[in-house]
Every structure is written in structure tokens, then in C-alpha cells.
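**Q** Handing you this structure, nothing more for now.
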Amino acid sequence: MVRSTHRHHAVVIGSGLAGLCAARVLADHFERVTVIERDRPADDSRPRKGAPQGGQAHALLKRGERILDRLFPGFVDEIEAHGAHRFDFGQGVRWLHHGVWKARFDSQFPVHVQSRPLIEGRVRARLQQDDRISFRYGSTVEGLRHAEGRVVGVDLRGARCERSALDADLVVDASGRGTRLPRWLEAMGRQAPSEQRFDVDLCYATRIFEAPADAPADWRALLIYGQPPYQTRTGFLFPVEGNRWLVTLVGYLGDHPPGDEAGFQRFVESLPSDELARAIAHARPLGPVRRYRFTHAAMRRYDRLRDLPDGLIAVGDAVCSFDPVFGQGMTMAARDAELLDRHLRRGRLRPRRWFKALHRMNLVPWILAATEGLRFPQLAGCRPPGLKLLQAYCGRVFRLCGHDRAVYRRFIQVLQMVSGPWVLFHPRVLWAVLRHGDRPRALRDDRQRLELAGAPR
Ligand SMILES: Cc1cc2nc3c(=O)[nH]c(=O)nc-3n(C[C@H](O)[C@H](O)[C@H](O)COP(=O)(O)OP(=O)(O)OC[C@H]3O[C@@H](n4cnc5c(N)ncnc54)[C@H](O)[C@@H]3O)c2cc1C
């Protein structure tokens, strides 16, 4: 438990978006905050070694954007000034989803699209101007220091393998998917959390292109989602700063996009629509293909532990690493920081209460992503009763978005996390689902084609 009288020093492990947002909030409650990062200082033009997923497409949802703009006033203007693209979601995004192209209309829902290094770089730049926060780059946390049942600091290894220690009243683990916190807890004689996981075995492959002068004028971003359970391949094209296109391919369940140029091109051509292949046919590549393998989505159940030590919490991917299908991770990292602020404002931070609240918050986006992933019969995982009904309902809602603007508008709000999923169960949507929710011909044909070819993918 951290009382308001013991708020001298907070240590954050990791300077990904979860660590940076947590540090911003902690600075309002502690005299000083130290962010420890094993990487070297990064600029905002390229991905870091410690967070290699940063080279892949990263969509920042509206909810996350709003939180970042609250934590760092003027953030949105700043990313725009650094080249982020702003456009209306309904008008600017051409999206094939569940076998249907989404309706295109002025949805009055502006979004920003940019690379992840730009987001992280701008946030980091703000924190570096804050006297209350200091960064220790090139230092790796190797373990927790503890006394009388509470965590009192961290053990560090520097870039030249020198050892040191840092005292803290609160340690926040924001070290991402690869966190060693479960092992550190065991080393303290405590229980490690159990883990819920989905072995999605997906791989991202991204190549950057110069946006061509004859780029299509009727869309700004292109999303071609494979249709589960028949199609495991997805492709995105996002405009990013510097007049560039970021083209990302995703293959589920071992159907991975290759890392060589010819293989990348073949994968593009095998997507459920040839629109992406046509768009990049004459675009000039600006670099090699970068791949990132994501074996599983994981939710660590710290909320179930009864013997958590005081003085320690965790945030971001270190607790819950979502299947990236709906681009939720950065927004959840920002939401974690908001939640942390609320807990600290109440005057004390109890780890057990913290992890329970965090779990409640993570559950809805986790279920949304899992509902989609579990459409693949090959994906192992508990299928609760009612899942098939929910999947059928959601599938119909997704397809309705092809022509029913009111339904699509609601779906955009849920997708962008500014409304809860319950707005998709509003009588207006229910009625539309019951009236029009039949399976589109194009999809039936596609399914037959794949079955005839004997190669479901
Ligand atoms: C392929 C892929 C695509 C994604 N797409 C999206 C998307 O479209 N939209 C979205 O919102 N999210 C997306 N995400 C999720 C997103 O990347 C993360 O959820 C988000 O950035 C929060 O991560 P984090 O800060 O918890 O961890 P990370 O960003 O991984 O940062 C962890 C940091 O901790 C440091 N570190 C680790 N161990 C130590 C240690 N022992 N000592 C010191 N430092 C340490 C690392 O160097 C790193 O800098 C995607 C993820 C993947 C894998």
C-alpha cells in the first residue's frame, strides 16, 4: 500500500507507451519518477530494438488519442504538425471486413493515422521536459528488492554490466509482453499469476513505400481483413508521416507472410481483394520487409493472487497483451494510466484492488478480440456457451455496416472505444440484424471457391 505520506519516488520499468503514460500520471503524485529503459534513447523516426513491434502498423484509437491529449495538452496538434494524417473514418477508410466493403460516407468521425514511433516519440519528448521525471537508458531491471513484505526498489544492470540498485516507494512494471515479473515474484517466494492465452501464431510483415503521385483519391487508408474461418490473410495500408505508405500484411495460425520481396508481393496478391496489389503496383519501396511474430495473446491473472506484495503494480502489455486485430494495445495503455490516476487520487494504492480493477477494464476488449479469433476452429481456447450466437450476431452487424450507415456509425464508436459494445445491442441495431442479417452472396461464393479448391486458409 502506498500512502500519501510515502510518495517520494516511483520507478517505472520500461518506456513503451504504457510506461510513459504511467510516468506522466505518477509525476502528479510522487516527488520524483524514474523511468528505466534497457534501450538507448530513441528518436521518433524509427522503431526501437526494445519494442520491435513499433515497425508494424499501429492504429491509435480515438479513445487513446483523447486520453493522450488530456495527459499531454496539445498532443493531437503536435502529431498533426509532425505529419500525422487526419481524415474522416467513414469517408477515408476503405475496408473489406467479413466479406463486405463498409459503407463510405461522412461519418463525422475524424481520426489520425501515423507511425507508432511518432506517437511514442512525441510523448517521450514531453516527459523529457518534465523536471519531476528522469530517464535511465541502457539499464535493465534484473529483479525486485524487498523488505518486510513489500517491494522497496529494483536491481539494475547497466550497459557495461555494472550492477546497481534503486530505492522506490512504488515500482510499476511496464516492461511489455516479455516481462519477467512472474519470475521475480517467485524469487520473492510469492505466487506467479496464471495466464490465459490464445495461440494465434500470427506474423506481421511491413514494408514502407513512397506514396505515389497517382494514389487513389477516393480513400486514404485501406483495410482488407480476411474472413475467419476461411481466410487467414489480412492486409493494411496506412498513410504515415513523410508522404509514405506503411503496408502491413498479417497471417494467422501459421500462415505467415514471407520476409523477402517476392514472397511479400505474392502474399499481397493472395489477399481477399486485389485492391492493395493495385495500389502499390507502381509505388516505390523505401526499405526492406520487416517481420514481427506474435505467437499468442496473453492475459496474466494478477487479480487472482492473494499474496501480492505492497509497493508493486504492473500496467500495459505486461499484464494483458491483446491480439492486435482491433489495435487496442496503445489505447489500453493510456486507459491504464487514467485508472492509475484515479486510484492514486483516492489516497492509497492497494495492489490487489489495482489488479482487480485493471482486469475488469481489460475484459471487454479482450472478449471482443477473442470472439473474432475463436471463429477459427483451429484456435484452441475455452468457448463459452453463447459464443456462437454472439459471433453470428457480430458477423451480421459487421456485414450490415456495408449499407446501414446508422449501424456502421455505432460500430465505429465501439471499435474506437468511445462507446461500449452494448450500443450494438440497441433495438435499432437488433431490428436491423433480424431484418437484413443474411449472409452475402460474395462470401458464400468465396467459401465455395475455397472449399472446392480444397484449401481452406
Ligand atoms: C504486431 C503488433 C501490432 C500491434 N498493433 C497495434 C495497433 O495497431 N494499435 C495499438 O494500439 N496497439 C497495437 N499493438 C500493441 C502495442 O504495441 C502495445 O500494446 C502498446 O505499445 C503498449 O505496450 P507496452 O508499453 O506495455 O510495452 P512495450 O511497448 O513493449 O514496451 C516495453 C518496454 O520495456 C522495456 N523493457 C523490457 N524489459 C525491461 C527491463 N527488464 N528493464 C528495463 N526496460 C525493459 C523495453 O525495452 C520496452 O521499451 C500491437 C502489438 C503488436 C505486437
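FYI, it's all coordinate maths here, none of it is from the lab. Note that this is a predicted model, so its numbers are computed, not measured. Every residue, glycine as well, gets a Cβ built from its backbone with ideal geometry; the counts of neighbours run over all protein chains shown.
**Q** Mind listing the phi-derived Karplus ³J(HN,Hα) values for region 31-41, rounded to whole Hz, using 6.51, -1.76 and 1.60 with θ = phi - 60°, and x for any glycine or proline?
**A** 5, 9, 10, 10, 9, 9, 9, 6, 6, 7, x
**Q** I'd like the Karplus ³J(HN,Hα) series for region 227-239: coefficients 6.51, -1.76, 1.60, θ = phi - 60°, whole numbers in Hz, and an x wherever there's a Gly or Pro.
**A** 9, x, x, 8, 10, 9, 10, 9, x, 10, 10, 10, x
**Q** Which Cα, out of Pro258, Ser270, Trp219, lies furthest along the positive dipole direction of region 201-294 (beta carbon charges, K/R +1, D/E -1)?
**A** With unit charges placed on the Cβ atoms, the residue in question is Pro258.
**Q** Enumerate the lysines that Lys102 could reach by cross-link, defined here as Cα to Cα under 20 Å, with residues fewer than 8 away along the same chain left out.
**A** Lys62
**Q** Further question: Please list, ordered by chain and number, the residues whose modelled amide H lies under 5 Å from the amide H of Gln416; skip anything fewer than 5 residues away on the same chain.
**A** Excluding prolines and chain starts, which carry no amide H, there are no hits.
**Q** What is the sum of charges around Trp219, taking Lys and Arg as +1, Asp and Glu as -1, for the other residues whose C-beta is under 15 Å from the C-beta of Trp219?
**A** Details: positive: Arg86, Arg94, Lys102, Arg104, Arg220, Arg278; negative: Asp88, Asp106, Asp214, Asp218, Asp274, Glu275.
After counting each charged neighbour, the total is 0.
**Q** On to the next question. Helix 351-373 versus the longest principal axis of the chain: what angle, 0 to 90°, nearest 10, using Cα atoms?
**A** 20
**Q** To continue, here is another question. Using θ = phi - 60° and the Karplus curve 6.51 cos²θ - 1.76 cosθ + 1.60, what whole-Hz ³J(HN,Hα) does each residue of region 158-164 get, with Gly and Pro shown as x?
**A** The phi angles translate into x, 4, 9, 6, 6, 9, 7 Hz.
**Q** If you place +1 on the Cβ of every Lys and Arg and -1 on the Cβ of every Asp and Glu, how big does the dipole about the Cα centre of the chain come out, in debye to the nearest 20?
**A** Working: 73 positive and 51 negative charges, 254 e Å.
The calculation lands at about 1220 debye.
**Q** Starting from 0.36 nm per residue, how many nanometres of slack lie between His436 and Met361 once their C-alpha separation is accounted for?
**A** On the way: separation 75, 0.36 × 75 = 27.00 nm, distance 3.28 nm.
Fully extending the segment from His436 to Met361 adds 23.7 nm.
**Q** Cross-link candidates for Lys49: which lysines have Cα within less than 16 Å, leaving aside residues fewer than 8 places away along the same chain?
**A** Qualifying lysines at Cα under 16 Å: none.
**Q** Continuing with this model, one more query. Nearest 20 debye, what's the magnitude of the dipole of region 152-214 about its Cα centre given +1 on Lys and Arg Cβ and -1 on Asp and Glu Cβ? Working shown, then result.
**A** On the way: 9 positive and 11 negative charges, 61 e Å.
Once rounded to the nearest 20, the dipole reads 300 debye.
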